[in-house]
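Encoded as structure tokens, the structure appears first; notes follow it.
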Amino acid sequence: MFAEQFANVRTKSPLIHNITNYVTVNDCANMVLACGASPIMADDAAEVEDITTICGGLNINIGTLNSRTIESMLKAGKKANALGHPVVLDPVGAGASALRTETAYRLLDEVRFTVIRGNISEVKTLASGAGTTKGVDADVADRVTEENLDGAVAFAKAFAAKTGAVVAITGAIDIVADGAKAYCIRNGHPMMSAITGTGCQLSALTAAFITANPGQPLEAAAAAVCAMGLAGEIAHARLTPLDGNATYRNYIIDAIYHMTPAQLEEGAKYEVR
């Protein structure tokens, strides 16, 4: 199944509009290219509706939020909704400041999202205001473990049912859920947390996957999460003792570039709950 999802990205090469943060914008563009799609990065309010119109999907990331781009995100999101285009929300750091949290709530109120992707702390903040964050990272008290996995799955399904979006909670164990079904994914490597922007890259990758697979947002999002985790495993295996997180970042993008649909199907580690 995941092979088909990935093959559709390669075949259709969807054009993805990214309003993302300037810490990771280049890596996000390269990740979209690596998977076989095409990126556009535009965040001026005067052009975001035009750019959204010519693209197939939209990725909104609040990582370096500022007052200028809030209007751009809302305009682009509403335009994508009007056109029936899929939209991803990455609520980076929601809960860390009033501006981030209030903007995330406003986006949820005014834009229909196909996928909401964040760490457990960010998603808990969106769901109930109860999450805590360590800057833009998940708080240790929130982390998904084998011991609390059942509760985290139930939480993800409930929030997905409430929002109508697929909810992708990423961490040591990833959960991708709609209101009825959840994929628990165990791909990845701990060193991925040593790179700024693996989550941002995943949100851009997810936008490409869901755009190329209309009508299958749950499976497409799960395929994207598996692909990113598998890339982290493949990239880590390439590292030498002299390599560090900068090399690892590049190797992850390379791993997506060279990954085949069959390789994803074989390497995906998940269970359905």
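The values are calculated or read from the model by the stated rules, or taken from the named source; none is laboratory data. Every value quoted in this text rests on a predicted model; they were computed, and no experiment measured them. Quick reminder, even Gly has a Cβ in these numbers, built from the backbone with ideal geometry, and neighbours come from all protein chains shown. When the accessible area is computed, the model is the full protein with side chains, heavy atoms only, and any ligands, DNA or RNA have been set aside. Shrake-Rupley method; radii C 1.70, N 1.55, O 1.52, S 1.80 Å.
Backbone geometry of region 223-238 corresponds, through the Karplus equation with coefficients 6.51, -1.76 and 1.60 at θ = phi - 60°, to 3J(HN,Hα) couplings of 4, 5, 5, 4, 4, 5, x, 5, 4, x, 5, 4, 5, 5, 5, 7 Hz, x marking Gly and Pro. Only Lys, Arg, Asp and Glu carry charge here, each on its Cβ (+1 for the first two, -1 for the last two); on that basis region 169-273 has a dipole of about 160 debye about its Cα centre.
Quick one: length gained pulling Ala262 to Thr247 fully straight, 0.36 nm per residue minus the C-alpha distance? All intermediate terms of the calculation are to be shown ahead of the outcome.
Numbers: separation 15, 0.36 × 15 = 5.40 nm, distance 2.56 nm.
So the extension gain works out to 2.8 nm.
Derived scalar couplings between HN and Hα for region 153-159 equal 5, 4, 4, 4, 4, 5, 5 Hz in order, rounded to whole Hz, by the Karplus curve 6.51 cos²θ - 1.76 cosθ + 1.60 (θ = phi - 60°), x for Gly and Pro. Estimated at 0.36 nm per residue, the fully extended path between Leu99 and Arg68 surpasses their Cα-Cα distance by 9.9 nm. Entry comment: accessible area of region 65-111 is 41 Å² per residue, from protein heavy atoms only and a probe of 1.4 Å.
Could you check how much of the accessible area of the chain is carbon and sulfur, as a whole percent, using a 1.4 Å probe?
Values: 5670 of 10850 Å².
Reported share for carbon and sulfur atoms: 52 percent.
Report the gain in length on full extension from Asn148 to Asp109: 0.36 nm times residue separation, minus Cα-Cα distance, nm rounded to one decimal.
Values: separation 39, 0.36 × 39 = 14.04 nm, distance 2.93 nm.
My answer for the length gained is 11.1 nm.
Along the charge dipole of region 132-273, Cβ charges K/R +1 and D/E -1, which of Phe155, Met228, Tyr248 sits furthest on the positive end? Positive-end residue among those listed: Phe155.
Only helices enter this figure: runs of n ≥ 4 DSSP H residues, each worth -39500 (n - 2.57), summed and divided by the residues of the chain, yield -16000 deg cm²/dmol at 222 nm to the nearest 500. Put the Cα centre of region 33-103 next to the Cα centre of region 168-243 and the gap is 20 Å. For region 1-42, the solvent-accessible area works out to 37 Å² per residue, with a probe of 1.4 Å and every protein chain left in place.
May I ask you to order 67-73, 110-116 by the average number of other C-beta atoms within 10 Å around their residues, highest value first? Before the final figure, lay out the partial values.
Working: 67-73: 16.4, 110-116: 21.4.
Listed from highest to lowest mean packing, they are 110-116, 67-73.
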